[in-house]
Amino acid sequence: MYRAPRGTTDILPEQQAYWRYIEQKAARICRLYGYERIDLPMFEDTGLFTRGVGEGTDIVEKEMYVFEDRGGNSLALRPEGTASVCRAYLEHGLHNRPQPVKLFYIGPAFRYERPQAGRYRQHNQFGCEAIGDADPALDAEVIDMAWQFFFSLGLGRFTVVINSIGCRKCRTEYLSALKEHYSPHLDEVCPDCQVRFQKNPLRLLDCKNPRCQPIADGAPKSADYLCPECTEHYDEMKRHLGILEIPFKEDRRLVRGFDYYTRTVFEVQPEAGGSQSSLGGGGRYDGLLEELGGKPTPGVGFATGIERMVLGLTRENIPVPPIPGPEFFIAHLGNEARDSAMKLATTLRHKGAAVLISTGGRSLKAQLRQANTLGIPRVAIIGEDEVRTGTVMLRDMTTSKQESVPVGKLVELVV
RNA sequence: GUGGGUGUCGCCUAGCGGUUAAGGCGCCAGGUUGUGGCCCUGGAGAUCGGGGGUUCGAAUCCCCUCACUCACCCCA
């Protein structure tokens, strides 16, 4: 027996209501904030991600699905969406449109990880990117938008956590200060941190190993090393968040796993603990477009994980609007009746009614049982008598009342 | 990638060295003539995740493997 590959899932019909719900809320919030949909390829040139996301990141280094196509090109299943959006921005000359260009996407991302609840090798993201404007008000708007989105889902408790990691300039300065702080303690620190020290010093800060806590606690704070411009940007953004009345928490240690982030970073975290630390996150990436070969162009955005939202909705028992089922069920007895039943079914469907017609030549009892189980409110029964008189027996399944009506009249009933 | 837990019909569970592997839900059919939801009866559906061992004998013990799951890591 074949099974779905590890870390992938089938989304069965009974789960679709959640997905529809989330997609609708996403589309709505995007409309309210002026974001337009973009659909992007699921695989890209590998270089787009190694350059964009960063060579040293876990995602690129050990989680990316990389393959060679038959033409010998190195391609990668996209591990995230931002790099693709930026590529599209550059490729299609979107700088010629009114700035910022606001785009959103919904689709799968792929990472070779060890799956667990809320974490998959193929998962779906809803993400937004605003490219071409460095105004801190835009950062605040993006955070506001993420916040409103989760709020509109009805998801109970979540927190917005923010930080600024500075620009290229002040980050370099900060990193050397950080390394200076750690280097005398390298032998006390966990092996992971020893690797981080070399590879990705920023990550030293959010090590959870108790051994490293004292050293991390005493480490210089990125906030203290921000250049005046970055400080001003950060303060302005916070001021705007205040105006928008978005509750947020500052976490000086918050860093993210992509190299392209500059200045603002943020995460939306479920308050109810749980293992998966974030529902979504994002930040500013003012160097990314240039890194990808474009002119220096600022950008800011966020991405969310749809599976995690579904998980949250189910865990919190939040009701979502059901997907409507068939309105009519047509039961029939005998060959002649089946022919006119099929005819009636198409006629009703042409008029826009959702109709299920029984197949397989089952007893009337079985057909009604099926209609009942499926929760279809009305059943049209067609037997020999009805064929002869050009009528159907229309049964209301909720009241158990039925009456004989001419076929023409039934068709008229459906508008 | 590291560590822990779990794995019996579609779903939930019983069985824990010798049973025709049991039950509930669901599914299908019947309870006379063309009628659902309740009830009754019957049926289909499991080589007990897979592979190897130990044993006269294994779903039950051991090893490997796969999958799921939790924590770490990382992130959505």
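The values are calculated or read from the model by the stated rules, or taken from the named source; none is laboratory data. Remember, predicted model here, so these are calculated numbers, not experimental data. With ideal geometry, Cβ positions are generated from the backbone for all residues, glycine too; neighbour counts draw on all protein chains shown. Just the protein is used for accessible areas: all its heavy atoms, side chains included, with ligands, DNA and RNA removed. Shrake-Rupley method; radii C 1.70, N 1.55, O 1.52, S 1.80 Å.
Brief remarks on what is shown
- Among A:L153, A:L292, A:L356: highest mean-square fluctuation, GNM of chain A, C-alpha pairs under 10 Å: A:L356
- The range A:328-410, accessible surface, carbon-and-sulfur percent (1.4 angstrom probe): 51
- Phi-based couplings in Hz for the range A:247-260 (Karplus 6.51, -1.76, 1.60; Gly and Pro marked x): x, 9, 10, 8, 9, 4, 9, 5, 9, 10, x, 10, 6, 6
- Between A:A331 and A:A380, A:I381, A:I382, the built amide H atoms are under 5 Å apart, and every one of these is 5 or more places off in sequence or on another chain.
- Kyte-Doolittle mean at least 0.0, axial Cα span of 20 Å or more - DSSP H helices of chain A: A:136-153
- The range A:147-194 - accessible surface per residue (Å², probe 1.4 Å): 46
- Nearby lysines by direct alpha-carbon distance to A:K401 (threshold 19 angstrom, same-chain neighbours under 8 apart not counted): A:K365, A:K409
- Chain A: calculated mean residue ellipticity at 222 nm from DSSP helix runs of at least 4, using -39500 (n - 2.57): -11500 deg cm²/dmol
- For the pair A:R37 and A:R6, the difference between a 0.36 nm per residue extended length and the Cα-Cα distance amounts to 8.2 nm.
- Nearest-20 debye value, chain A charge dipole, Cβ charges on Lys, Arg, Asp, Glu: 1260
- Surface composition of the range A:13-172: carbon plus sulfur atoms hold 48% of the accessible area, using a 1.4 angstrom probe and ignoring ligands, DNA and RNA.
- Here's how it looks for A:A109: its modeled amide H is under 5 Å from those of A:H123, A:N124, A:Q125, which are all 5 or more places away or on a different chain.
- Positive-end residue of A:H332, A:G107, A:A4, charge dipole of chain A with Cβ unit charges: A:H332
- What the range A:328-410 shows is 58 Å² of accessible area per residue, with the surface traced by a 1.4 Å probe over protein heavy atoms.
- For chain A, the relative contact order works out to 16 percent when only alpha carbon pairs closer than 8 Å and six or more residues apart are counted.
- The A:K62 and A:A223 beta-carbon pair, evaluated with R₀ = 35 Å, returns a calculated FRET efficiency of approximately 0.70.
- Around the Cα centre of the range A:233-332, unit charges on the Cβ atoms of Lys, Arg, Asp and Glu (plus for the first two, minus for the last two) sum to a dipole of about 180 debye.
- Residue ranges A:242-254, A:84-96 sort as A:84-96, A:242-254 when ordered by packing (mean number of other C-beta atoms within 10 Å per residue, highest first).
- Spatially proximal lysines relative to A:K62 (Cα-Cα < 17 Å; intrachain offsets below 8 disregarded): A:K199
- All aspartates and glutamates inside 19 Å of A:K221 as judged from Cα atoms, apart from same-chain residues fewer than 8 positions distant: A:E173, A:E180, A:D206, A:E229, A:E232, A:D235, A:E250, A:D251, A:D259, A:E267
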